[in-house]
Amino acid sequence: MTVTLQLAQLVAACHWIGQQGWAPATGGNMSVRAGEGVCLLSESGKDKGSLTAADFIEVDIASGQAPSGRKPSAETGLHTLIYRLFPEAGAVLHTHSVNSTVLSRIEKGTALRLQGYEMQKSLSGQTSHLDSVAIALFDNDQDIAALAARIEDWAQTHSLRYGFLLRGHGLTCWGRDVQEARRHLEGLEFLFNCEMQRRLLERS
Ligand SMILES: CSC[C@@H](O)[C@@H](O)C(=O)COP(=O)(O)O
Ligand SMILES: [Zn+2]
């Protein structure tokens, strides 16, 4: 698929994310791999629910620099980390839903474990509700380079699949292309919603 088509799909995904309420204010950032060593990343500080193709900036994956001099996302270092760690990753979506923000604070461990849900099969490679899917959970940090280094370190010894949560911040997920990243996002958000409701009801 051409980069132009991938970018058109990414813009559509951004609008859908906005409609879901998963990118309030200027929260969230999105990108697509755009050839050898390059990605197109959303410009920092924009309303991600109303982006156009012109709001995406070319970024060098190795250096995180934008040759145009425009300012890509403050979280560029997390997108480029994912493209460096996973050569098969073609698109990255970062969102700020209420469920991912709250659940990531309630869960005190290093992963949110999802088990018993048929919708786990919305995640590529998952075939049964009986399996447990661990979504890695990292403490948030305003120092994105330090946060990226912590995630990279962790990924050397643990499996990092589908996405990760940042405590009190949100979800960053990815896929081979925009379509898969969008399915992972929708599946994970559905599962977070279920998990939130389950934890609330089981308390009462
Ligand atoms: C509402 S501010 C949130 C930002 O600090 C950040 O977390 C975010 O997701 C958006 O930053 P951006 O630089 O626009 O990509
Ligand atoms: Zn964010």
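Rule-based calculations on the coordinates, nothing more; no lab input. This one's a predicted model, so the numbers in the text were calculated from it and none came from an experiment. Neighbour counts run over all protein chains shown; Cβ positions are idealised from the backbone, glycine included.
Computed values, structure above
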quantity: Sorted peptide list for 8-14, 157-163, criterion being average Cβ within 10 angstrom, highest first; calculated: 8-14, 157-163
quantity: Among Gly77, Ala181, Val59 - extreme Cα towards positive end, dipole of the stretch 3-203, charges at beta-carbon; calculated: Ala181
quantity: Rel. contact order, % - alpha carbon contacts under 8 angstrom, at least six apart, the stretch 3-203; calculated: 21 percent
quantity: Cβ-Cβ FRET estimate between Asp131 and Trp16, R0 fixed at 25 Å, reported to 0.05; calculated: 0.35
quantity: Relative packing of 131-142, 182-193, which averages over residues the other C-beta atoms within 10 Å, highest first; calculated: 182-193, 131-142
quantity: Nearest-ten-degree value, helix 3-20 long axis tilted from longest Cα axis of the chain; calculated: 40 degrees
quantity: Modelled FRET efficiency - R0 35 Å, Gln179 with Ala146, Cβ distances, 0.05 increments; calculated: 0.60
